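Data first, discussion second: the structure below is written as structure tokens.
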Amino acid sequence: MHGTRTLQEADRLMTVCNSCRYCEGLCAVFPAMEMRRAFSDGDLNYLANLCHSCGACYTDCQFSPPHEFNVNVPKTLAVARAESYAAYAWPHAFSGAFARNGLVISLIAALSVAAFIFGFAAINDRGVLTGIHTGPGAFYRLMPHNVMALLFGAALLYAILALAMGVRAFWRDIGEPVGMTTDAKSLLQAVRDAGELRYLDGGGVGCFNEDDQPTDRRKLYHHFTFYGFLLCFAATCVGTLYHYLLAREAPYAWWDLPVVLGTLGGVGLVIGPIGLLSEKWKRDRALVDEQARGMDTAFILMLFLTSITGLALLLWRESAAMGPLLALHLGVVFALFITMPYGKFVHGIYRFVALVRYARERQMMAE
Amino acid sequence: MVDLTRRFDVLVIGGGNAALCAAISARRAGASVLVLEGAPKFYRGGNTRHTRNMRCAHDAATEILTGPYTEEEFWNDLLLVTGGQTDEQLARFMIHESKDILNWIVEQGVRWQPSLGGTLSLGRTNSFFLGGGRAMLNALYRTAEELGVDILYDAEVIDLNIEHGMFLSAQLKQPVGGRTEVRASTLVAAAGGFEANIEWLKQYWGEAADNFLIRGTPYNRGAILKMLLAKGVQDIGDPTQCHAVAIDARAPKFDGGIITRHDSVVFGIVVNKHAERFYDEGEDIWPKRYAIWGRLVAAQPDQIAYIIFDSTVVTSFMPTLFPPIAGATIAELAGKLELDAAALEKTITDFNAAVQPGTFDHTILDDCRTEGITPPKTHWARKIETPPYLAYPVRPGITFTYLGTRVNKQSRMLMKDGKPSANMFAAGEIMAGNVLGKGYAAGIGMTIGSVFGRVAGREAAKNARN
């Protein structure tokens, strides 16, 4: 017996699939399944997070609905995946944030934006908020750099701590000893598999989304989003280094590295989320975990808002709109940071961990 | 919307591998093609849905095949499984053509993968479809649609208008739209066998057929085959023959597919409803033994049998869909199976006493055998003595039937008087009996479907032009 009905159903499906194995060549889930004859809760959570939801096994399955065996692996694993995020959330008291994630994230985002606007207005007189500021240190007339760095550093550190605790619980649940030094080879393999989204391709032809025509669109949009996010993050890191190491203060010229990285990343983070949202909109309802739609949409929207407000700030930073735009951008980014451990962001973390585990298993089998 | 008032060059009846290969090859040859699939869209493709590989000859190892499989070796394998009941000319033609099918089918969008886990014995001879038979079918349908083949589902053909071996039109019945007469210059019949038609099976098997489970869809009713034979087409193949394996008795009546199979016979004993053994469980290695147990169980009272083994061998075979039924004692197990406890205890005690010492190896015909019991277990015999005791109930699972239409190398049907039909072709299971008089070798049904489907489509297109 399993802890939840979802895991019970996942177990039933894996038993069906393990006696068939036709989908073995499609992705990592089925070979991982074949290494087991029975499935613990942890095993099922591992398989659920290994699944990239490409949909191929549903389209290819002779037993998918309306067949009486009712085999719908992508959907069942999507539900199990979403439930596993809540189960591993740290502190556990916040796991409820996943249930009504769209609402929670939008509330936190709105509150953070409001806090920054009121904060700016409270410490400075109103003229500063709507004034025109240019030259190095312009942003810091609204908020001192050290305060900004402290606030965001703390938010990021908290997110990292909460995520690490979640990963620890997951790692333990899937049967890996905590604190074990993972071998470099598996780690490298997982980085490669995650970096190219190796398993989001239906075994080579592409994903199945709205019908049985495979396409690479989801993979493409995800690449835009993911690499856009990384570029934006890199821009922030370079900016921080400039500030502390070179004593060069933002805003930087358009050709300077932080701006170039941020702009490229921002563009990716506009195209990617729009594409992902439209694919999600079109997606065959049979494959979708309806419960998680709020969570998925909230995360994609937050990424989109991050890039759009960042780009707007770049465009109008020399106008009177700079103050309100900075408050908006910082508010969104702050909300993004502190909600990271309690939203769709975690999918990347857990999937990466599952890929590490898979690479290790494969290696062990080969030996 | 498909324009049914026009006259098509080629009408394909059926929707599986053979039908789609015929439709695609006819369309590529320039013909207008209509495919009438009797099943709803989800169940399209008949038995192809449940297949997973194809046996093709090849002279060298490929990316997914571990070594060469020559035409001669293929022919010898076919000779072996059919006991010579095959049309040598047609069979050799098919084997030769199968070489090119390996590539041709890929050009139609189908993808290969190495043999699946647990099927190492097929790694050299059989190419597996990536994602299985339905994935293969989906690829063929996509290609057919892109090429402009017209396809209708839920399209039941209720009559064929044939005069003197010449096809004129088909009566189509649809859930919406009612009856329509469909005209075409040529016909390709690729509508499978009659394995899902229990009434028809009863003609040969009597009431026992009620206890048969059908591994494929309920739509393989043989209606087209019956019409063709009634309208002067020559038949081929033994009507009483069907491919039957032992499958779990808890499987659904139809469409349980491959996952209900059991291959644990060698690891234990098999008893009937009287708790008596009835055949040497250690006679031969897979896949030969796999294909005989369906018929063996069909011959037992109430067409039911039980594979009995103990806890030491549970991990020796692939995980099963249905869990084994377990008992702490033989008597408890017998109770759960509704068998006579004393009889089962006696059967197992006698069996255990007859087991001779030996070195167990399930990959070869080993020296673990019994002595002094009838029937003997000639290999892999080990005592059943470690509880819990376990059992799978099994029934005959019918895969396909052998009765079909006679064809020549053009896949053209032959009439009862031996003359070739003017414009009728057949491909796939409906004519498998030409090549496969009895027995079976894994993946050969798909070879028959693709090779003769491709030929039938090409010839039908040529015929329509003339």
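The values are calculated or read from the model by the stated rules, or taken from the named source; none is laboratory data. Note that the structure is a prediction, hence the values are computed from the model and not measured. Reconstructed Cβ throughout: ideal geometry from the backbone, glycine too, with neighbour counts over all protein chains shown.
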Out of the residues in the stretch A:125-163 that are surrounded by fewer than 12 Cβ atoms within 10 Å (Cβ to Cβ) and in a loop (DSSP other than H, G, I, E, B), which is modelled with the lowest pLDDT?
-> A:D125
If B:A91 satisfies every condition in (1) within 11 Å of chain A (Cβ to nearest Cβ); (2) closer than 23 Å to B:A22 by Cβ but one, which is the exception?
-> (1)
Residues of the stretch B:125-179 satisfying the condition of being free of Cβ contacts under 8 Å to residues at least 40 places away in the same chain and either hydroxyl-bearing (S, T, Y) or under 30 Å from B:P114 (Cβ atoms) (or both) | B:L130, B:G131, B:A135, B:N138, B:A139, B:R142, B:E145, B:E146, B:S169
Can you tell me which residue within the stretch B:121-134, out of those that are within 13 Å of B:I64 (Cβ to Cβ) and surrounded by fewer than 19 Cβ atoms within 10 Å (Cβ to Cβ), is nearest to the other protein chains (Cβ to nearest Cβ)?
-> B:G123
Restricted to the stretch B:147-174, and to residues that are under 21 Å from B:A29 (Cβ atoms) and assigned to a loop (DSSP other than H, G, I, E, B), which residue is farthest from the chain's Cα centre (by Cα)?
-> B:G148
What about A:L325, is it crowded, with 21+ Cβ neighbours inside 10 Å and either under 21 Å from A:A115 (Cα atoms) or in contact with a Pro (Cβ under 6 Å, 6 or more places away or on another chain) (or both)?
-> no
Identify, from the list B:T359, B:T378, the residue that is free of Cβ contacts under 8 Å to residues at least 24 places away in the same chain and more than 18 Å from B:N272 (Cβ to Cβ).
-> B:T359
Can you spot a residue in the stretch B:205-212 that is over 16 Å from the mean Cα position of the chain (by Cα), assigned to a strand (DSSP E or B) and either among the charged types (D, E, K, R) or within 30 Å of B:G132 (Cβ to Cβ) (or both)?
-> no
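Okay, residues lined up against (1) under 13 Å from B:P375 (Cβ atoms); (2) of a type outside the set (F, W, Y):
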| residue | (1), (2) |
| --- | --- |
| B:V271 | yes, yes |
| B:D284 | no, yes |
| B:W293 | no, no |
| B:L296 | yes, yes |
| B:Y306 | no, no |
Residues of the stretch B:432-466 that turn out to be basic (K, R) and within 22 Å of B:N53 (Cβ to Cβ), as a count = 2
When the stretch B:240-287 is checked residue by residue, the ones that are assigned to a loop (DSSP other than H, G, I, E, B) and of a type in the set (S, T, Y) are B:T240, B:S264, B:Y279
Name the residue, out of B:G109, B:G84, that is on the phi > 0 side of the Ramachandran plot and either aromatic (F, W, Y) or more than 14 Å from every other protein chain (Cβ to nearest Cβ) (or both).
-> B:G84
Determine if the stretch B:189-210 includes at least one residue that is away from every other protein chain (no Cβ under 14 Å), over 30 Å from B:V394 (Cβ atoms) and in contact (Cβ under 8 Å) with a residue 12 or more places away in the chain.
-> yes
Quick check, is B:N138 buried (at least 19 other Cβ atoms within 10 Å of the Cβ), closer than 30 Å to B:P319 by Cα and facing another protein chain (nearest Cβ under 8 Å)?
-> yes
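For every residue, the table says whether it meets (1) of a type in the set (D, E, K, R); (2) surrounded by 21 or more Cβ atoms within 10 Å (Cβ to Cβ); (3) in a helix (DSSP H, G or I); (4) free of Cβ contacts under 8 Å to residues at least 60 places away in the same chain.
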position: A:G266; (1), (2), (3), (4): no, yes, yes, yes
position: A:I274; (1), (2), (3), (4): no, no, yes, yes
position: A:L277; (1), (2), (3), (4): no, no, yes, yes
position: A:M302; (1), (2), (3), (4): no, yes, yes, no
position: A:G331; (1), (2), (3), (4): no, yes, yes, no
position: A:P341; (1), (2), (3), (4): no, yes, yes, no
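Residue by residue, here is whether (1) within 14 Å of another protein chain (Cβ to nearest Cβ); (2) touching a residue at least 12 places away in the same chain (Cβ under 8 Å); (3) hydroxyl-bearing (S, T, Y) holds:
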{"site": "A:L187", "(1), (2), (3)": "no, yes, no"}
{"site": "A:A190", "(1), (2), (3)": "no, yes, no"}
{"site": "A:A194", "(1), (2), (3)": "no, yes, no"}
{"site": "A:L197", "(1), (2), (3)": "no, yes, no"}
{"site": "A:C207", "(1), (2), (3)": "yes, yes, no"}
{"site": "A:R218", "(1), (2), (3)": "no, yes, no"}
{"site": "A:Y221", "(1), (2), (3)": "no, yes, yes"}
{"site": "A:T225", "(1), (2), (3)": "no, yes, yes"}
Can you find even one residue in the stretch B:123-131 that is of a type outside the set (A, V, I, L, M, F, W, C) and in a strand (DSSP E or B)?
-> yes
Which one of these does B:S98 not meet: (1) touching a Lys or Arg at 6+ places or on another chain (Cβ under 8 Å); (2) closer than 30 Å to B:E146 by Cα; (3) outside any helix (DSSP H, G or I)?
-> (3)
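Condition check ((1) surrounded by 17 or more Cβ atoms within 10 Å (Cβ to Cβ); (2) closer than 19 Å to B:T374 by Cβ; (3) within 14 Å of chain A (Cβ to nearest Cβ)) across all residues:
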| site | (1), (2), (3) |
| --- | --- |
| B:D280 | yes, yes, no |
| B:F309 | yes, no, no |
| B:T312 | no, no, no |
| B:T320 | yes, no, yes |
Pull up the stretch B:271-297, narrow it to residues that are in contact (Cβ under 8 Å) with a residue 60 or more places away in the chain, hydrophobic (A, V, I, L, M, F, W, C) and in contact with a Phe, Trp or Tyr (Cβ under 7 Å, 6 or more places away or on another chain), then point me to the one that is farthest from A:Q62 (Cα to Cα).
-> B:V271
Verdict on A:A194 being over 20 Å from the mean Cα position of the chain (by Cα) and outside any loop (DSSP other than H, G, I, E, B) = no
Residues B:L201, B:L229, B:L225: which one is closer than 26 Å to B:E163 by Cβ, aliphatic (A, V, I, L, M), part of a helix (DSSP H, G or I) and within 17 Å of the chain's Cα centre (by Cα)?
-> B:L225
Counted residues, the stretch B:288-303 - those being part of a loop (DSSP other than H, G, I, E, B) and crowded, with 17+ Cβ neighbours inside 10 Å | 1
Filtering helices (runs of 4 or more DSSP H) wholly in the stretch A:1-118 for at least 2 residues that are away from chain B (no Cβ under 14 Å) and touching a residue at least 24 places away in the same chain (Cβ under 8 Å) gives A:5-18, A:41-50, A:73-88
Is there a residue in the stretch B:34-54 that is surrounded by fewer than 24 Cβ atoms within 10 Å (Cβ to Cβ), within 14 Å of another protein chain (Cβ to nearest Cβ) and of a type in the set (F, W, Y)?
-> yes
Considering B:I214, B:I158, which residue is surrounded by 15 or more Cβ atoms within 10 Å (Cβ to Cβ), at pLDDT 95 or above and in contact with a helix residue (DSSP H, G or I) (Cβ under 9 Å, 6 or more places away or on another chain)?
-> B:I214
Being of a type in the set (G, A, S) and surrounded by fewer than 20 Cβ atoms within 10 Å (Cβ to Cβ) narrows A:A38, A:A56 down to just A:A38
